[in-house]
């Protein structure tokens, strides 16, 4: 069986950042998949499911309501390894194109107050497993340590 592209990236060299994971053509449309890496694989602890779940709910709501990108959002969700998220956008993009979007999204999560969107038994299959405080903490950490000073080492996959 052919190895998938994301398994060919050397995760021992991969830093926290935003990477173009793949580009796919569906009909006449290009879909760009971004690897939003919040923790350094194999070097830092992974995120717990409760904070991942809170980030997912708030981010997906924010993104799908975004004035510019809302209609281009195909998917936002967690990686199985719990080191980050995937974002799929309709269109042909590079990592640097979405830095402002992700800064505003993580600032929104960092500053979020109130009930997490969709965090009820009617709206979610695991609504009790949500940790807003940790989601806010991790969003602030990612902003301060990665996004606000991001450069090519965190925008282009390592060789």
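Coordinate-derived values only; no laboratory data. The structure presented is a predicted model; accordingly, all values stated were derived computationally and were not measured. Note that we place each Cβ from the backbone using ideal geometry, even for glycine, and neighbour counts take in every protein chain shown.
Some points to look at:
- Taking the C-alpha atoms only, the angle from helix 99-110 to the longest principal axis of the chain is near 20 degrees.
- Taking 7 Å steps out from each Cα toward its Cβ at residue 129 and residue 97 produces label points 3.4 nm apart.
- The mean sequence separation of alpha-carbon pairs under 8 Å and at least six residues apart, normalised by the residue count of the chain, gives a relative contact order of 30 percent.
- Using the Cβ-Cβ distance between residue 30 and residue 61 with R0 set to 25 Å, the FRET efficiency from 1/(1 + (r/R0)^6) comes to roughly 0.50.
- Nearest-ten-degree value, helix 132-145 long axis tilted from longest Cα axis of the chain: 40
- Gain in span if fully extended, residue 156 to residue 6, counting 0.36 nm per residue against the direct Cα distance: 52.7 nm
- Crossing angle, helix 49-64 versus the chain [Cα axis fit, 0-90 degrees, rounded to tens]: 80
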